[in-house]
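Following: one structure in structure tokens, then a few remarks.
The values are calculated or read from the model by the stated rules, or taken from the named source; none is laboratory data. Computed from a predicted structure; not experimentally measured. Counting neighbours? That spans all protein chains shown, and the Cβs are built from the backbone with ideal geometry, glycine included. Surface areas here come from the heavy atoms of the whole protein model, side chains and all, with no ligands, DNA or RNA. Shrake-Rupley method; radii C 1.70, N 1.55, O 1.52, S 1.80 Å.
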Amino acid sequence: MTSGVRQIALETPFSDQKPGTSGLRKSSRQFATPHYLESFIEAILRTVPGVKGSTLVVGGDGRFGNREAIGVITRMAAAHGVGRIITTTGGILSTPAASNLIRQHQATAGIILSASHNPGGPDGDFGVKVNGSNGGPAPESLTDAIYACSQTLDGYRILESAEVNLDAAGQQTVGDLSLEVIDGVDDYITLMQKLFDFDQIKALIQDDFPIAFDAMHAVTGPYATRLLEGLLGAPAGTVRNGQPLEDFGGGHPDPNLTYAHDLAELLMDSDAFRFGAACDGDGDRNMILGNRCFVNPSDSLAVLTANATLAPGYSQGLSGVARSMPTSAAVDVVAKELGIECFETPTGWKFFGNLLDAGRITLCGEESFGTGSNHIREKDGLWAVLFWLQILARKRCSVAEIMDDHWKRFGRHYYSRHDYEAIASEKAHGLYDRLKGMLPSLVGQDFAGRRISTADDFSYSDPVDGSLTTGQGLRILLDDGSRVVFRLSGTGTQGATLRLYLESYVPSSGDLGQDPQAALADLIAAADSLAEIKTRTGMDRPTVIT
């Protein structure tokens with residue numbers, strides 16, 4: 001055993017370290033509880049197969065506690081006989097870049113420190129996520145085993161004292177462990193250069209095509225600055241809020257019209273920019289905007305699918321596509337015309353992993369501003385931004401024109417998501433459980449001038465390994481192809497979030513120019529009436545509308 005290892009005893013194990021779909025997320029204050037972080041890391045190191053002598057990739061989005069956690073993980077990994085840790089200068093590592101490093105270095109696993117789009121700082125949130133050797137989120141079987149281990153811990157092992165310097169690239173020795181600090185941006189850029197034609201994109205940007213990118217004081221700042229302002233020739237200042245800060249500048253690093261409102265105003269209320277984009281805390285989500293045009297994430301996946309062959313990395317076509325169940329069926333229509341498979345999965349990127357590893361799909365996406373492909377095993381915000389710029393560079397038109405042409409060809413799926421955040425848990429579950437109990441009696445009933453054809457709690461049988469996932473959201477499917485979906489989200493740390501998804505399809509011959517909220521008004525009213533949202537939550541309107 002490495003000398004200097006201490007065995008720290010626990011009086012009692014923590015009972016609340018059950019990871020959700022995106023790892024363990026708690027308040028920063030909870031993670032600062034003595035032994036709390038160490039206990040979860042101990043459970044990871046005891047549970048992940050083949051840790052001794054292995055390579056781990058470790059990094060995070062720069063939020064409060066990131067550097068300190070990397071030091072703790074390094075010292076604990078040394079105590080457990082891990083051979084090598086790869087981390088990055090400043091500990092700044094986006095989730096997509098981490099996935100790439102895991103795959104590139106054939107690491108056994110990755111530990112990513114992020115609470116994604118949740119606020120940071122001492123009063124914000126922190127998170128720890130485990131990724132597997134394929135670069136994707138750990139499967140539920142592993143996270144369940146980590147949780148089980150955490151519930152029975154009587155102590156943890158850690159190297160007594162060791163300096164971990166993240167300020168500059170280089171190699172260090174921590175006990176018997178080799179710590180490699182690398183530039184976290186270089187390898188990611190190399191990967192992007194294999195997928196997209198940087199010369200074409202640069203020519204577009206330099207031909208009177210001003211763009212704006214909001215990094216939201218989160219992890220993508222250094223990546224976007226090097227890419228957009230460095231390699232692609234965008235002027236200095238194109239990347240806004242590009243310095244990663246521990247509290248994200250006091251903001252909420254969630255790239256939507258509510259939390260990225262400054263960027264939205266620049267694009268929607270003026271003519272100063274032709275293209276705008278934002279990414280979230282850990283860099284895996286994206287929002288796409290054109291001049292006076294917001295691109296719905298579901299539509300974005302459909303557009304990328306329809307135009308995939310314009311990018312060099314996808315010039316040979318796609319093997320298939322997949323979307324999460326709450327995501328609109330816009331991509332389904334495109335896949336049908338292209339003659340490729342389209343899969344509907346539960347929410348959570350890990351469900352795409354089997355399909356990607358099996359070669360069944362090339363592109364995939366979620367309505368929650370996440371899009372990705374088989375280049376890594378995570379959603380990838382900057383990849384989506386570059387993909388859009390690639391399409392614009394080839395077509396030489398506006399974002400709005402791309403959307404109009406797409407709808408004229410495939411029809412339009414009017415779509416919106418209404419989030420009711422921080423609902424008292426008992427109220428949220430009371431609403432949800434009541435509605436779930438009503439499902440069997442709803443089929444055949446009238447709903448917003450339509451008839452309910454199906455009402456169920458979505459389940460998924462994995463076509464690769466046959467595993468069954470149940471309880472994934474309450475669906476009300478209507479006879480004209482419209483639908484309403486209700487889900488409770490487990491990624492917040494304050495109360496529960498009720499997500500209401502609304503979708504109405506209009507064929508290419510119909511009215512394609514409506515405001516989505518107006519087009520969906522009858523579904524919105526009917527959903528509130530059925531679920532008694534306002535009455536039961538006490539909220540007159542959603543916290544966020546996308």
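Miscellaneous remarks
- Among residues of segment 217-240 that are closer than 16 Å to ASP207 by Cβ and aliphatic (A, V, I, L, M), those with a beta-carbon under 8 Å from a residue that is open to solvent by 50 Å² or more (accessible area, probe 1.4 Å) and assigned to a helix (DSSP H, G or I) at least six positions away or on a different chain give the pairs LEU232/LYS202.
Table: residues versus (1) surrounded by fewer than 19 Cβ atoms within 10 Å (Cβ to Cβ); (2) not acidic (Asp, Glu); (3) not in a loop (DSSP other than H, G, I, E, B).
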position: ARG451; (1), (2), (3): yes, yes, yes
position: ALA455; (1), (2), (3): no, yes, yes
position: PRO463; (1), (2), (3): yes, yes, no
position: THR497; (1), (2), (3): no, yes, yes
position: ASP511; (1), (2), (3): yes, no, no
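- Residue in segment 85-100 that is closer than 17 Å to ILE158 by Cβ, of a type outside the set (Ser, Thr, Tyr) and not in a strand (DSSP E or B) present: no
- Residues that are closer than 25 Å to ALA97 by Cβ and either part of a loop (DSSP other than H, G, I, E, B) or aliphatic (A, V, I, L, M) (or both) within segment 285-306 comprise MET287, ILE288, LEU289, VAL295, LEU301, VAL303, LEU304, listed in sequence order.
- Search result, residues across segment 12-31 that are surrounded by fewer than 16 Cβ atoms within 10 Å (Cβ to Cβ) and either touching a His at 6+ places or on another chain (Cβ under 9 Å) or modelled with pLDDT under 90 (or both): GLY20
- Restricting attention to segment 478-495, the residues that are in a loop (DSSP other than H, G, I, E, B), within 19 Å of the chain's Cα centre (by Cα) and either modelled with pLDDT of 90 or more or among the small types (Gly, Ala, Ser) (or both) total 2.
- Close pairs from segment 294-322: first within 22 Å of TYR415 (Cβ to Cβ), partner surrounded by 22 or more Cβ atoms within 10 Å (Cβ to Cβ) and basic (Lys, Arg), Cβ under 7 Å, at least 6 apart: LEU301/ARG323
- Qualifying residue in segment 475-492 (condition: among the hydroxyl-bearing types (Ser, Thr, Tyr) and out of contact with any helix residue (DSSP H, G or I) (no Cβ under 9 Å at 6 or more places or on another chain)): yes
- Test: residue in segment 317-340 that is in a helix (DSSP H, G or I), of a type in the set (Ser, Thr, Tyr) and within 30 Å of GLY20 (Cβ to Cβ): no
- Hey, GLY233 open to solvent by less than 50 Å² (accessible area, probe 1.4 Å) and in contact with a helix residue (DSSP H, G or I) (Cβ under 7 Å, 6 or more places away or on another chain) or not: yes
- Which listed residue, of ASN165, ASN241, is open to solvent by 50 Å² or more (accessible area, probe 1.4 Å) and touching a helix residue (DSSP H, G or I) at 6+ places or on another chain (Cβ under 9 Å): ASN241
- Hey, LEU478 in contact with a Pro (Cβ under 8 Å, 6 or more places away or on another chain) and open to solvent by less than 40 Å² (accessible area, probe 1.4 Å) or not: no
- Only residues that are open to solvent by 10 Å² or more (accessible area, probe 1.4 Å) and of a type outside the set (Gly, Ala, Ser) were counted in segment 61-116, giving 15.
- Residue-level check: of (1) touching a helix residue (DSSP H, G or I) at 6+ places or on another chain (Cβ under 6 Å); (2) open to solvent by 20 Å² or more (accessible area, probe 1.4 Å); (3) not acidic (Asp, Glu), TYR415 misses just (2).
- Figure legend. Inter-residue proximity from segment 190-203: first residues free of Cβ contacts under 8 Å to residues at least 40 places away in the same chain, second residues among the small types (Gly, Ala, Ser) and surrounded by fewer than 19 Cβ atoms within 10 Å (Cβ to Cβ), beta-carbon distance below 7 Å, spacing 6+ or different chains. Indicated pairs: LYS202/GLY233.
- Test: residue in segment 39-56 that is among the charged types (D, E, K, R), part of a helix (DSSP H, G or I), closer than 30 Å to PHE352 by Cβ and touching a residue at least 12 places away in the same chain (Cβ under 8 Å): yes
- Meets criteria (open to solvent by 20 Å² or more (accessible area, probe 1.4 Å) and either in contact with a strand residue (DSSP E or B) (Cβ under 9 Å, 6 or more places away or on another chain) or closer than 30 Å to GLY339 by Cβ (or both)) for LEU304: no
- Inter-residue pairs, beta-carbon under 8 Å, first of a type in the set (Ser, Thr, Tyr) and open to solvent by 40 Å² or more (accessible area, probe 1.4 Å) and in segment 328-352, second modelled with pLDDT under 95 and assigned to a strand (DSSP E or B), 6+ apart: none
- Some residue of segment 428-446 being within 30 Å of PRO507 (Cα to Cα), in a strand (DSSP E or B) and open to solvent by 30 Å² or more (accessible area, probe 1.4 Å): yes
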